[in-house]
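First the structure, in the form of C-alpha cells, and then the observations on it.
The values are calculated or read from the model by the stated rules, or taken from the named source; none is laboratory data. Here the structure is a predicted model, which is why all the values come from computation and not from measurement. Neighbour counts are summed over all protein chains in view; Cβ atoms, including those assigned to glycine, are modelled from backbone coordinates with ideal geometry. In case anyone asks, the SASA skips ligands and DNA or RNA and just uses the protein heavy atoms, side chains included. Shrake-Rupley method; radii C 1.70, N 1.55, O 1.52, S 1.80 Å.
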Amino acid sequence: PLAVSCCARIADASLAYGFEYQGVGRRLVRTALTDRCFVALASALSSRLGGNPVGPAGTGKTESVRALGALCGRHVVVFNCDEAFDVAAVGRLLRGLCRTGAWGCFDEFNRLEEGTLSAVAAQLRTIQEALVARARDVALSSVAPTPLSPTTAVFVTMNPGYAGRSPLPETLKQLFRTVAMVRPDNRAIAATSLYAAGFDSTDAGPLAAALVALFELCGDRLSRQSHYDWGLRAL
C-alpha cells in the first residue's frame, strides 16, 4: 500500500495528522478567539505539554479541543469530572489514553478534590516526562508498564467561577499551557451558522442580531430556572 504522511501546521507548531475518521458532523464556527486557542494548544502539544483552557461556561473550551482534534485527525475522548472520580479511576483512563494514543479532555477538572488533584498531577507528570524522553512505555502504577503512544495528549478545562472548586496545584500548572477563554462574538457565530444553512448576506446579518438580542433579553428578564439556557449552546 502507498504510505501517505501529512502534518498540520499551526503557527510554529507541526502536528502529525492522525487520519482518524471523524464522520460528517457539525463543525465549530471559527472566530478570533478560536484561532488564538488553537495556536496556544498546538504550541503546547509541540512542546510535549498539555492544554488548559480556562473560562466561564459557554465559551467553547471543550468544543475548541474537540475541533482541534478533528482538524488534526485525532480521536478526542471527553471525561466529565465530578466528586465521584478517584485516583484509581483516573489512572485507568490515563492508561487507556497512553495505549491508544488518543487525546483526553477532562472537563471541569477543578471539580475534583484537592487530594485527588495532587495524585493525578504525579501521574500526568510521569506521562509528560515519558513523552519528552520518547519512551515506549510508562509506569503509572504498580502493575506492568503501559505502552505509550507518542500521539497521546491530555487537556483539562476549568471554570473558576463556580463555588466549591479546587485550585489547580502548582505541580500541575507547570505541565499545562493555560489558555484564557472569554465570551465569543455571538452575532458573528449566529450569522455564520445562518450562512451555512443557506441564508444570504442580506438576511443573515439582521436575523443574527435579532436572535442574539432575543436570547439576551430572555436571559435578563426571565426568572432563573435550571432548565433555562440562553447561552451560546442554545443559540
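Worth pointing out:
- Qualifying residue in segment 153-174 (condition: open to solvent by less than 70 Å² (accessible area, probe 1.4 Å), under 24 Å from Arg66 (Cα atoms), assigned to a loop (DSSP other than H, G, I, E, B) and modelled with pLDDT of 75 or more): yes
- Listed by position, the helices (runs of 4 or more DSSP H) enclosed by segment 23-132 that each have at least 3 residues that are over 17 Å from the mean Cα position of the chain (by Cα) are 87-100, 114-132.
- Residue match in segment 214-231 (condition: surrounded by 14 or more Cβ atoms within 10 Å (Cβ to Cβ), touching an Asp or Glu at 6+ places or on another chain (Cβ under 9 Å), touching a residue at least 12 places away in the same chain (Cβ under 8 Å) and of a type in the set (Phe, Trp, Tyr)): yes
- Scope segment 176-216; condition of a type in the set (S, T, N, Q) and over 26 Å from the mean Cα position of the chain (by Cα); matching residues: Ser201, Thr202
- You will find that of Arg48, Arg27, Arg9, the residue that is open to solvent by 30 Å² or more (accessible area, probe 1.4 Å), among the charged types (D, E, K, R) and at positive phi is Arg48 and no other.
- Condition met for Phe106 (in contact with a Leu (Cβ under 8 Å, 6 or more places away or on another chain) and closer than 18 Å to Gln123 by Cα): no
- Each residue in segment 181-213 was checked for being open to solvent by 40 Å² or more (accessible area, probe 1.4 Å) and either assigned to a loop (DSSP other than H, G, I, E, B) or in contact with a strand residue (DSSP E or B) (Cβ under 6 Å, 6 or more places away or on another chain) (or both), and 7 pass.
- Test for Ala130: is it out of contact with any helix residue (DSSP H, G or I) (no Cβ under 8 Å at 6 or more places or on another chain), buried (at least 21 other Cβ atoms within 10 Å of the Cβ) and free of Cβ contacts under 8 Å to residues at least 24 places away in the same chain: yes
- Qualifying residue in segment 12-24 (condition: of a type in the set (Phe, Trp, Tyr), open to solvent by less than 60 Å² (accessible area, probe 1.4 Å) and modelled with pLDDT of 85 or more): no
- Residue within segment 105-124 that is modelled with pLDDT of 90 or more and on the phi < 0 side of the Ramachandran plot present: yes
- Qualifying residue in segment 139-151 (condition: touching a residue at least 24 places away in the same chain (Cβ under 8 Å), assigned to a helix (DSSP H, G or I) and touching a Leu at 6+ places or on another chain (Cβ under 7 Å)): no
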